[in-house]
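Asker: Structure incoming, see below.
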2 protein chains.
Amino acid sequence: MPALRIALAQVNPCVGDIAGNAALVRDHAHAAAAAGAALVVFPEMVITGYPIEDLALRASFQRAAARAVDTLASDLEADGLGDLTVMVGTLGVAQSGRPFNQAAALRGGQVIAHYNKHHLPNYGVFDERRIFASGEDPCVVEVGGRRIGVVICEDIWVDGGPVEQVASANLDLLAVLNGSPFEEGKGRVRTDLARRRASEVGAPLAYVNLWGGQDDLVFDGHSFIVGADGAWLANAPGFDDALLVWDLPEADAPATQGEVVDFASDDQQVYLACVTGLRDYVLKNGFSSVILGLSGGIDSALTAAIAADALGGANVVGVSMPSSFSSEHSKDDAADLAKRIGADYRVEPIAAIVDAFQGQLALEGVAEENLQARVRGVILMGISNREGHLVIAPGNKSELATGYATIYDAGSIGGYAPLKDLDKTRVWDLARWRNAYATTHGEVEPIPVNSIEKPPSAELRPGQVDQDSLPPYDLLDEVLDAYVEHAEGRAELLARGFDEAVVDRVLQLVDRAEWKRRQYPPGPKVTALAFGRDRRLPITSRWRELS
Amino acid sequence: MPALRIALAQVNPCVGDIAGNAALVRDHAHAAAAAGAALVVFPEMVITGYPIEDLALRASFQRAAARAVDTLASDLEADGLGDLTVMVGTLGVAQSGRPFNQAAALRGGQVIAHYNKHHLPNYGVFDERRIFASGEDPCVVEVGGRRIGVVICEDIWVDGGPVEQVASANLDLLAVLNGSPFEEGKGRVRTDLARRRASEVGAPLAYVNLWGGQDDLVFDGHSFIVGADGAWLANAPGFDDALLVWDLPEADAPATQGEVVDFASDDQQVYLACVTGLRDYVLKNGFSSVILGLSGGIDSALTAAIAADALGGANVVGVSMPSSFSSEHSKDDAADLAKRIGADYRVEPIAAIVDAFQGQLALEGVAEENLQARVRGVILMGISNREGHLVIAPGNKSELATGYATIYDAGSIGGYAPLKDLDKTRVWDLARWRNAYATTHGEVEPIPVNSIEKPPSAELRPGQVDQDSLPPYDLLDEVLDAYVEHAEGRAELLARGFDEAVVDRVLQLVDRAEWKRRQYPPGPKVTALAFGRDRRLPITSRWRELS
């Protein structure tokens, strides 16, 4: 059997944009053909975008997806690409009316084969048993006389199943269509797993993944090909379009080494995930600019830097909203940041407005602090309504976990929260990483060193710092990591040597803040367990970890 | 075989309050024994509360539930109730560590049998395949020589399965433990289904359901017993504690007629669901009073009436926040309502505060309208922070569907939204029903007739009425019912004869408002499809129903 050139098309579709996604496939099919490929493989559900949630259950949506695949097959044929085999992920429908998460192989103007995903993830962020029926049959497509097995994403995460079904099918290649969301460190897990599956089928494995942001998920791409012996044969970069072309060698010939690129550092990957999540939320929803409050602190500084990297500094409106408790350094640091990233900088003092509220309400203590914070939220929403910028929320995961934030303030309102899944220590890490990256590349550091180094404070009363109310962030974040991300109980935390009073305080804060988290905007998941649909807990609950 | 007295304990547990729920079971077991019962059946997951979501996956929670059941068995024995068979729903754990939705039968100080739910609902508001493993075995418990089959909730909604397993087991009774959330009209579906299952097993069926509010669900109770021939043998009222006692007759003797109560009207049931949902959210979360803005309009009036029925008028703080656009009748109607329900009434004009914002921002048009609305939100949050009342949001389902509301205003902030699942026409219906109920019972009508009869207006600019921006509510609500609740597509709506321009306008509004709905407080589900976890759609979506 002769060698076969294949291409993996790592693309960024948009959920629901069926016509646009089909056009994206058509464009990349042309590119693959131009590169001499006989087979081009696209990611999971590229035709519909992913995840489509309950759209999968709508008859009108199902019809539109089916029509788009048929039209795409005809269009490719009409384009003179009838000999190219194009493998796409889409929404299929069973006779019974139940939808499938489906891969379809198009050639010669027709769908020549399809495969329905067997294993439907129904944990973490996934609800696939809610919307899809399970497939049962394996799928092998012949291309140029070579035998290509096809499976979808979760199918390779389960022992047995369709990989085992095709293990003795004498495959030349196993193609895996994926919509695998980013989380830090997941790339290593994926590639280890892929090597194991390649060995099981005795053939190279081609892993093609979506990239781009979709609400609270970011798909990182990082498509790759590994050999049956585990050799790293080719890979695409993360967080970008790519067409990865590779030659499947003649039968029994040694594997060909294709193009290999280095992985970015974990810090860079997490940063790029935040940039991608924000940019796609903004652009796919029809906005072009964002607005946020700049306090001079680290959270708003990092958020603004991410926004500038996502959209360009000129599309970031930063508003300093000083009160009588705001320090000079806060105002200076906010202005400095805006200048560094080239933001549209404004100053809106809040004293006169707060005075007007207080003339009627005479609030004191925390109520007075919250009032100041909410006045800032109203100002941002007002400018947003006037000028059309999307409001973004700079709150971080430590705040969201403990409820240490005023609901409806400038830190928690808006459409998207880029730092939502970054705890405070990670926020500092990424700020330092971003500045170091700038230095390395001969650019201006976007984040004022002051914002990184000063003690964090909400500046809602004189001399206030976060550590008046919370344990030191390095300790807090360790406890949160164990309790939230690893779902350890109180007993396990105490056994690890954490102080009992700290543990009880943190657990109580986390449990009581669920109602605030429910009203928080979406933000990109970058850890193994993000707040939101990854961690579903009742608001009303008297459960307390006390034994 | 002699007759056997059984009791169904319709109780209102609290999620996570394992000790409290076990005490509730113990109390009702005493009452059942005092009434001469040999068997008392409690609802699904009464020990843990329901639904517990991801708490089911926590080892510490699993251990606590297991300990509670063992302790309960010993306590009942120690109390002298060792002869009583007590059937409770709880969280079980398999050898593999996977949790079960379990029924346990306690007698003589021990667990004598258990049953693991077979069919795990994973649609609508349910995520049970996420958190539970499926049971496979049937369960028959002997009590006083009689054979009692046990299944849980969804098990009877599926043909075949455990009911078929025990159909030939010569049962004397089928006990069904339920956590079945309320929706309008569901009672009739349940009872028809139960009659069919009773006929299949050839024995009476005893259906015991939870009651009470849990975040966005309300359980309505309405426990009942039907005969193998479909006879209606006994039933408990909805939305209240009940111990339904009934005698299972001697073998081959005719079925005994027990206590039967009338069902409330659909209007009354929906109203009671809203009252129950609000009351339990407030009390189970440790609040005792609520605060809301009173505009003189129908939404805030009905919300306040519900709150007064839930908590007593003295625990309702109503704040009139007139602007320069507020009509005299609005202020009068708000004051009249507060007087009728005995609320703590306050007036906080917003003009001076809006002026302070406008002195800086000079907003116009919709941005200016939104500003006024948000100032009211900040005032309510301020008073809430000062005095500890839970803020409640009076927004209705038509608003939430179309996004015809200012995000973060007094209609959409807070902890709970009692009208969240009532469209505007249903809001009027229920207001009229509540006043008529008052008249029938010789009480003061809570809702001013003016608030019911005047054209709805946000009063954010001179002469504004809702119908400037929206189709007439009766038409709008019909389209929403078809598109949202019945998930019909555009083609189906046009085929039904709706005007194309209206359909396109409404669908666009609904699709674009998803981001606002995500940040809305929870409220009681009372229809077949509520916003929230019942209807999961992406925010970022270019899908438009256009063909």
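Asker: Kindly state, as a whole number, the per residue volume in cubic angstrom of the convex hull around the alpha carbon atoms of region A:395-491.
Answerer: Taking only Cα atoms, region A:395-491 has a hull volume of 133 Å³ per residue.
Asker: From the label point of B:Leu193, set 7 Å from Cα along Cα→Cβ, how far away are the matching label points in the other copies, in nm, ordered shortest to longest?
Answerer: 3.5
Asker: Please compute the length gained on full extension between B:Ala253 and B:Glu453, using 0.36 nm multiplied by the number of residues separating them and subtracting their Cα-Cα distance.
Answerer: Length gained between B:Ala253 and B:Glu453: 66.2 nm.
Asker: Using only atoms on other chains, find how many Cβ atoms lie within 10 Å of each Cβ of peptide A:443-453 and report the average.
Answerer: Mean shielding by partner chains, rounded to a whole number: 0.
Asker: For chain A, what does the alpha-carbon gyration tensor say about shape, rounded, prolate or oblate, given a ≥ b ≥ c as the root eigenvalues, a/c under 1.5 as rounded, and a/b over b/c as prolate?
Answerer: Note, shape of chain A comes out prolate.
Asker: Helix B:18-34: angle to the longest alpha-carbon principal axis of chain B, degrees 0 to 90, nearest 10?
Answerer: So the inclination is approximately 60 degrees.
Asker: Can I ask one more? What distance in nm separates the two pseudo spin-label positions at B:Asp240 and B:Trp157, each 7 Å out from Cα along the beta-carbon direction?
Answerer: About 2.7 nm, to one decimal.
Asker: Based on the alpha carbon coordinates of region B:36-111, what radius of gyration and maximum Cα-Cα distance (Dmax) apply, in Å?
Answerer: My reading of the Cα-based Rg and Dmax gives 12.7, 40 Å.
Asker: What FRET efficiency would be calculated for the residue pair B:Ser134, A:Ser265, taking the C-beta separation as r and a Förster radius of 30 Å, to the nearest 0.05?
Answerer: 0.10
Asker: What's the FRET efficiency of B:Ala495 with B:Glu184 using the Cβ-Cβ distance as r and R₀ = 30 Å, to the nearest 0.05?
Answerer: The value I calculate is 0.70.
Asker: Would you mind computing the Rg to Rh ratio of the protein assembly as shown from its alpha-carbon coordinates, Kirkwood style for Rh?
Answerer: That ratio equals 0.97.
Asker: Also, I was wondering about something else. Can you list, shortest first and in nm, the gaps between the label point of B:Arg346 and those of its counterparts in the other copies, using a point 7 Å from Cα in the C-beta direction?
Answerer: Spacings between copies for this position, smallest first, are 3.0 nm.
Asker: Using a 1.4 Å probe, how large is the accessible area of B:Asp355, given in Å² and rounded to the nearest 10?
Answerer: 100 Å²
Asker: Given all pairs of different Cα atoms, what value in angstroms does the Kirkwood hydrodynamic radius of region B:70-129 take?
Answerer: The Cα-based Kirkwood calculation yields 12.7 Å.
Asker: Kindly flag which residue pairs out of B:Lys424/B:Lys525; A:Lys284/A:Lys424; A:Lys397/A:Lys424; A:Lys397/A:Lys516 have an alpha-carbon separation exceeding 18 Å in this structure.
Answerer: From the list (B:Lys424/B:Lys525; A:Lys284/A:Lys424; A:Lys397/A:Lys424; A:Lys397/A:Lys516), the Cα-Cα distance tops 18 Å for A:Lys284/A:Lys424.
Asker: May I ask for the angle, rounded to the nearest 10°, between helix B:59-78 and the longest principal axis of chain B, with both axes built from Cα atoms and the value confined to 0 to 90°?
Answerer: Approximately 50 degrees, to the nearest 10.
Asker: Here is a further query. State the extension gain, in nm to one decimal, for the chain segment bounded by B:Arg63 and B:Glu142, taking 0.36 nm per residue of separation less the distance between their alpha-carbons.
Answerer: Here the answer is 25.6 nm.
Asker: Moving to a separate point now. Using the beta-carbon distance between B:Arg512 and B:His441 and R0 = 56 Å, what value does 1/(1 + (r/R0)^6) give for FRET efficiency, to the nearest 0.05?
Answerer: 0.80
Asker: Mind grabbing the base-10 log of I(q)/I(0) for region A:49-178 at q = 0.13 Å⁻¹? Debye formula, identical points on the C-alpha positions, no solvent, two decimal places.
Answerer: Scattering profile of region A:49-178, log10 relative to I(0): -0.55.
Asker: Would you work out the Kirkwood radius for region A:266-404? I mean one over the mean of 1/r across all pairs of different Cα atoms, in Å.
Answerer: After inverting the pairwise mean of 1/r, the radius is 15.8 Å.
Asker: Further, regarding this structure: Could you quote the convex hull projected area for region B:485-547, Cα atoms only and averaged over all directions, in nm²?
Answerer: 4.8 nm²
Asker: Taking a label point 7 Å from Cα toward Cβ, how far is B:Glu443 from its twins in the other copies, in nm, shortest first?
Answerer: Taking the point 7 Å beyond Cα along Cα→Cβ, the inter-copy spacings are 6.5 nm.
Asker: DSSP loop (so not H, G, I, E, B), at most 13 other Cβ within 10 Å: list which GluC sites (Glu not before Pro) in region B:108-210 pass both filters.
Answerer: Passing both the DSSP loop test and the Cβ count: B:Glu136.
Asker: Specify the angular offset, from 0 to 90 degrees and rounded to the nearest 10, of the alpha carbon long axis of helix A:328-341 from the longest principal axis of the alpha carbons in chain A.
Answerer: 30 degrees
Asker: Please sort by residue number the GluC sites (Glu not before Pro) in region A:231-339 whose DSSP state is loop and whose Cβ has at most 16 other Cβ atoms within 10 Å.
Answerer: Of the GluC sites (Glu not before Pro), the ones in loops of region A:231-339 whose Cβ has at most 16 other Cβ atoms within 10 Å are A:Glu250, A:Glu259.
Asker: What residue in chain A has the Cβ closest to the axis turning A into B, and how close is it in whole Å?
Answerer: Residue of A nearest the axis onto B, distance in Å: A:Ala356, 2.
Asker: In nm, give the distance between the simple-model label positions of A:Val347 and A:Gln467, each being 7 Å from the Cα along the Cα-to-Cβ direction.
Answerer: About 3.0 nm separates the two model spin labels.
The values are calculated or read from the model by the stated rules, or taken from the named source; none is laboratory data. In this text, all values refer to a predicted model and were calculated from it rather than measured experimentally. With ideal geometry, Cβ positions are generated from the backbone for all residues, glycine too; neighbour counts draw on all protein chains shown. Protein only, heavy atoms only, side chains kept; ligands, DNA and RNA dropped before computing areas. Shrake-Rupley method; radii C 1.70, N 1.55, O 1.52, S 1.80 Å.
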